[in-house]
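Colleague: Below you'll find the structure I mean.
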Amino acid sequence: MTATLANPLAARDHARAMAGTVVDAMPVLPPVADDLPADVAAEDLLWEETIAAGGYATRRLKRGTRLRLIDVKGDACASLLLFNAEMTAERLNVADTVKVQWNAYLGQGKLLLSDMGRVLMSFIEDGAGTHDCFSGTSNAATNATKYGEGSNSGPFPSGRDRFLLGAAKYGLQRRDVHPCVNLFKGTAIAADGTIEPKIGPYEPGRALVLRAEMDVIVVIANCPHVLDPRDNWTVTPLRVTAWRGPVTPPDDPIRIATPEGLRAFQNVEDYFRR
Amino acid sequence: MSTDPHLSGLTGTVVHDAIVPARAPWLHHVAAGQTLRIVDLEGNQAVDFLLYSTDDDAERYSAQDTVAAQGNLFLREGTVLRSNEGRPMMTIAATSVDYHDTIGGACSCESNTLRYGHHTKSEHACVENFLEANLLEGRGKRDIVSNINFFMNVPVEPDGSLGIVDGISAPGLTVDLHAEMDVTVVVSNCPQINNPCNGFNPTPVRMIVTA
């Protein structure tokens, strides 16, 4: 092997011979998906990627874009950061998300709110119902304690370290990795404040669809939930699909569901009045 | 022997003692080993609270790391306030209030428009205080994360219903925070007048640091 790669052209041929390799976790370019909703045209497909166990992905999505996440094998944990793509100092605010909606739990019809009184994304479909606004994600120290290793370069990377890399791809820094929400892995809160993890594993194929209400940058890390009780670092791939869609119309049932949410949409519409 | 009841139980020398007026920000550097006591002078006054590592302010208080590490949302005596890198920043050494909040966040002009209506946009808010104080040291909007609300009560009902309700604090109650590293404390003495967090009447609090 060493001998045959001893010159640049041999190395080139070796590298090129890899083309067309298909693995479980990878992006598909151009995107292809055979399970789009019936009313979505194939040419509106924007993004098709399977994020590896322990992997991450990040992408800019235009207002109106639908983002579908599928927990392919039942053990994915989609930890999510959100930024306003044109002004990244505006980002997801988990405290405002629960406080403004007067509820601790995410699901169908719920909004992901920014720190500027606007809705970044909304849940237009939720086939999971087990999500988490409170626990955040693992970091190198918690993974080292729990699994004996926690670095990006090791076998058990942490959610925070994945976020750091994903955010850095858009020029962001440590101070930009803000509190996250976790999708597919959930928590319930007991009366005394105890956080009860809802980790599964669940049946394969649970899906949810988020709608971008602003131009956003999403950073998704797929690492074990920080309160996963299992001794072994356990996580399975996460499939991501996005397609174009219309901007939310005035009579949208999620837009008008609550007075607080309506004002969040009105603030978005005001922001885009230009 | 001091007769000041607000100093009761504190050991060491008082190195800083300040009244934070109602509605005002406060920033102070607390060295590792020192204790910060916050006194709710008139009762039911939310004290919105952020922490930064003085040596490296990209490391800061993390509500999520703090509650995940203890498996509980409420901050009580013994709670370790953790950073976004999982390190202990301060410990609640003692408190005469049952628990404190860290899920309710800080009020802002913008979130006030959602919670109460656009007529409240011009009212003063905690994020304004956090920004004003942080800007003095080169931090800005990107540095404002989920905070602690000392003396504030945010229960979560079985169906997930959640809200800021009448406080469980009272005049003269305190929380004592032991610094585990050199920390920069940034406080907003909450000016909110549209919910019960301040009894609809913002009041002063006292900050006492002992070494």
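Colleague: If A:Lys169 satisfies all but one of (1) farther than 30 Å from B:Asp56 by Cα; (2) more than 14 Å from every other protein chain (Cβ to nearest Cβ), what's the number of the condition it fails?
Modeller: Among (1) farther than 30 Å from B:Asp56 by Cα; (2) more than 14 Å from every other protein chain (Cβ to nearest Cβ), A:Lys169 violates only (1).
Colleague: Within region B:175-196, which residues are over 16 Å from B:Val20 (Cβ atoms) and not in a loop (DSSP other than H, G, I, E, B)?
Modeller: B:Asp176, B:His178, B:Ala179, B:Val183, B:Pro196, listed by residue number.
Listed here are the residues, each with its yes/no results for (1) farther than 30 Å from A:Ile254 by Cα; (2) touching a Phe, Trp or Tyr at 6+ places or on another chain (Cβ under 9 Å); (3) at pLDDT 95 or above.
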position: A:Leu120; (1), (2), (3): no, yes, yes
position: A:Asp126; (1), (2), (3): no, no, yes
position: A:Thr130; (1), (2), (3): no, yes, yes
position: A:Gly136; (1), (2), (3): no, no, yes
position: A:Arg162; (1), (2), (3): yes, yes, yes
position: A:Gly171; (1), (2), (3): yes, no, yes
position: A:Arg175; (1), (2), (3): yes, no, yes
position: A:Thr187; (1), (2), (3): no, yes, yes
position: A:Ala190; (1), (2), (3): no, no, yes
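Colleague: Another one. Mind telling me which of the residues A:Val181, A:Val216 ends up being away from chain B (no Cβ under 14 Å), within 22 Å of A:Phe123 (Cβ to Cβ) and of a type outside the set (D, E, K, R)?
Modeller: A:Val216
Colleague: Look through A:Arg175, A:Arg211 and report the one residue that is more than 10 Å from every other protein chain (Cβ to nearest Cβ) and of a type in the set (Lys, Arg).
Modeller: Among A:Arg175, A:Arg211, only A:Arg211 is more than 10 Å from every other protein chain (Cβ to nearest Cβ) and of a type in the set (Lys, Arg).
Colleague: Okay, next question. Starting from region B:100-116, keep only residues that are assigned to a helix (DSSP H, G or I), then list their pairs with residues that are buried (at least 24 other Cβ atoms within 10 Å of the Cβ) and of a type outside the set (A, V, I, L, M) whose Cβ atoms are within a distance under 7 Å, requiring at least 6 positions of separation or different chains.
Modeller: B:Glu110/A:Gly117; B:Ser111/A:Asp96; B:Ser111/A:Gly117; B:Thr113/A:Gly117; B:Leu114/A:Gly117
Colleague: On to the next question. From the list B:His124, B:His119, exactly one residue is farther than 15 Å from A:Asn267 by Cβ, outside any strand (DSSP E or B), over 15 Å from the mean Cα position of the chain (by Cα) and more than 10 Å from every other protein chain (Cβ to nearest Cβ). Which is it?
Modeller: Going through B:His124, B:His119 in turn, just one is farther than 15 Å from A:Asn267 by Cβ, outside any strand (DSSP E or B), over 15 Å from the mean Cα position of the chain (by Cα) and more than 10 Å from every other protein chain (Cβ to nearest Cβ): B:His124.
Colleague: Right, next: For the structure I just gave you, tell me whether B:Asn129 is outside any helix (DSSP H, G or I), within 17 Å of B:Pro191 (Cα to Cα) and either in contact (Cβ under 8 Å) with a residue 12 or more places away in the chain or out of contact with any strand residue (DSSP E or B) (no Cβ under 7 Å at 6 or more places or on another chain) (or both).
Modeller: Answer is no for this residue.
Colleague: Can you confirm whether A:Val268 is over 30 Å from A:Pro201 (Cβ atoms), among the aliphatic types (A, V, I, L, M) and touching a Ser or Thr at 6+ places or on another chain (Cβ under 9 Å)?
Modeller: So A:Val268 fits the description; yes.
The values are calculated or read from the model by the stated rules, or taken from the named source; none is laboratory data. None of the values given here were measured: they were computed from a predicted structure. Quick reminder, even Gly has a Cβ in these numbers, built from the backbone with ideal geometry, and neighbours come from all protein chains shown.
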